[in-house]
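Here's the structure, in structure tokens; my notes come after.
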Amino acid sequence: ASAIDQICEEKGISKEKVIETIEVAIAAAYKKDFGHKGQNIRAVFDLVSGAVRIFQIKQVLDETMIKTEEEIEAEKNEPRDERDNRPEEEEGDKKVRFNAEKHILIEDAKKEKEDIKVGEEFLIELESKTDFGRIAAQTAKQVIIQRIREAERETVFEEYKDKEGEVLSGIVQRLDRGAVFIDIGKTAGVLFPEEQIQEERYRLGQR
């Protein structure tokens with residue numbers, strides 16, 4: 001919890017975003033070591049207890065949403081040019097090839113949950129694991145690093161997107177090949193040579 005608080009403070013990211021990142025990382029590690037091809041895995045992390053619950057997610061379908069064997073065969077025989085040039089279908093009109101790891105028929109889903117509807121997610125709780133191997137742990141680490149960076153970029157964008165056209169005050173951070181990098185708070189702004197006032201000189205620490 002203290003590590004998460006530190007990341008939130010240093011990176012300017014919400015706690016919810018960091019926990020979501022940890023859940024995605026754990027799900028990726030679980031799938032690497034214990035999952036099967038095609039599975040959609042979701043992890044739910046309890047910050048207070050440290051416990052993790054693992055679920056397999058299946059989309060609930062009815063027969064009209066599934067490609068028939070004839071349709072699958074016809075697609076295979078269809079020339080590639082025709083497939084590529086076929087107009088985009090509306091999201092709701094797309095049929096899928098049934099995959100038991102990703103999909104479940106509505107009649108089967110209703111046996112477990114009576115009020116479930118077509119298009120909803122069907123959750124199957126799996127046995128939770130903690131003995132991840134080195135490769136899975138490395139996968140989780142890479143997911144966390146990548147998603148924290150993405151969250152940082154989103155935070156910076158949200159902070160500055162409405163400031164376009166405004167004049168900001170900052171402190172000269174470094175000079176590089178004529179460009180001046182300026183600390184403007186959560187990020188650095190760049191003053192390119194063509195945007196600088198001629199004859200004006202910049203020094204480190206100058207506001």
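Things worth noting here:
- Angle in degrees between helix 15-34 and the longest Cα principal axis of the chain, rounded to the nearest 10: 50 degrees
- By average C-beta atoms within 10 angstrom, highest first, the peptides 95-102, 68-75: 95-102, 68-75
- Here the chain is assigned +1 on the Cβ of each Lys and Arg and -1 on the Cβ of each Asp and Glu. Its dipole about the Cα centre then comes out at about 1240 debye.
- Heavy-atom accessible area per residue - the chain, 1.4 Å, Å²: 73 Å²
- Helix-only mean residue ellipticity at 222 nm for the chain, each DSSP H run of n ≥ 4 adding -39500 (n - 2.57), per residue, nearest 500: -12000 deg cm²/dmol
- Summed side-chain charge close to residue 135 - residues other than residue 135 whose Cβ falls under 9 Å, Lys, Arg +1, Asp, Glu -1: +1
- DSSP bridge pairs, the chain: antiparallel proportion in percent, nearest 5: 85 percent
- Among the listed pairs 37/94; 31/129; 102/141; 15/102; 37/110; 37/58, those with a Cα-Cα distance over 18 Å are 37/94; 102/141; 15/102; 37/110.
- For the chain, average projected area of the Cα convex hull in nm²: 19.8 nm²
The values are calculated or read from the model by the stated rules, or taken from the named source; none is laboratory data. For clarity, every value in this text was computed on a predicted model and none was experimentally measured. Note that we place each Cβ from the backbone using ideal geometry, even for glycine, and neighbour counts take in every protein chain shown. SASA here: full protein model, heavy atoms, side chains in, ligands and nucleic acids out. Shrake-Rupley method; radii C 1.70, N 1.55, O 1.52, S 1.80 Å.
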